[in-house]
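Please read the structure below before turning to the comments.
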Amino acid sequence: MIKKVDHIGIVVKDLDSSLEIYSKELGFECVEIREIQEVELRIAVLQAKGIGIELLQYRNPEMEMVKALRGNLEGLNHICYEVEGFDDAMKRLMENGSKLIEGFPRKGVHGRIAFFIPPHSPEERIEILEVKT
């Protein structure tokens, strides 16, 4: 099911100042900045020594999907797992009590994604990813 941890998502208030800290002070390379209009999200994809970070700045934290994703709260947001057998992984998560967040699965920055709320930790968000080829 899980191939690897793909990235860690962090919600920030100001993407530009956060990006400066992660690049200048921590040595991450910004490989892409993208806008996802439908959820008013500006996202920076960072890499350093095999570690992936996504800095997420939501421009409208009051949107229902943004709240469901906890995008209205700054700080550590989610861990994304690249999976084999995306549909099977989704099915297993739901069979074991994880709740699929409305609006998923959908296309994400790196491929097809889905976000879940696990039954053991309602504040946690799990993202699964099928990398586009």
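Bear in mind these aren't lab numbers, they're just calculated from the coordinates by the rules spelled out. Bear in mind the structure is a predicted one, so any value in this text is a computation, not a measurement. When we count neighbours, we look across all protein chains shown, and the Cβ atoms used for this are built from the backbone with ideal geometry, even at glycine.
State, to one decimal in nm², a quarter of the convex hull surface area for the C-alpha atoms of the range 37-86, i.e. the direction-averaged projected area.
Averaged projected hull area, Cα only: 4.5 nm².
When a/c reaches 1.5 or more, the comparison of a/b and b/c decides; with that in mind, is the range 1-73 rounded, prolate or oblate per its Cα gyration tensor?
oblate
May I ask for the longest run of the chain untouched by GluC sites (Glu not before Pro) that are loop-located per DSSP and have at most 11 neighbouring C-beta atoms (other than their own) within 10 Å?
Longest stretch, sites excluded: 1-61.
Which listed residue (Y22, Q37, L73) has the Cα farthest towards the positive end of the charge dipole for the range 6-118, taking +1 on Lys and Arg C-beta and -1 on Asp and Glu C-beta about the Cα centre?
Positive-most Cα among the choices belongs to L73.
Arranged by the count of other C-beta atoms within 10 angstrom, fewest first, what order do H110, H7 take?
H110, H7
Starting from the Cα of K24, draw a straight line to each of the lysines and keep only those under 22 Å, dropping any in the same chain fewer than 8 residues away.
K13, K49
Apply the Kirkwood formula to the range 2-131: the hydrodynamic radius equals the inverse of the mean of 1/r over all pairs of different alpha-carbon atoms; give it in Å with one decimal.
15.0
To the nearest 20 debye, what charge dipole does the chain have about its Cα centre, counting +1 at the Cβ of each Lys and Arg and -1 at the Cβ of each Asp and Glu?
Using Cβ point charges on Lys, Arg, Asp and Glu, the chain gives about 220 debye.
Fewest Cβ neighbours within 10 Å first, please rank K49, K4 accordingly.
K49, K4
Below 10 angstrom from the Cβ of H78, what's the summed charge of the other residues (Lys, Arg +1; Asp, Glu -1)?
Around H78, the surrounding residues sum to -1.
Just from its helices, what would the mean residue ellipticity at 222 nm be for the chain, if runs of 4 or more DSSP H residues each count -39500 (n - 2.57) and the sum is divided by every residue, rounded to the nearest 500 deg cm²/dmol?
The per-residue figure over the chain is -4000 deg cm²/dmol.
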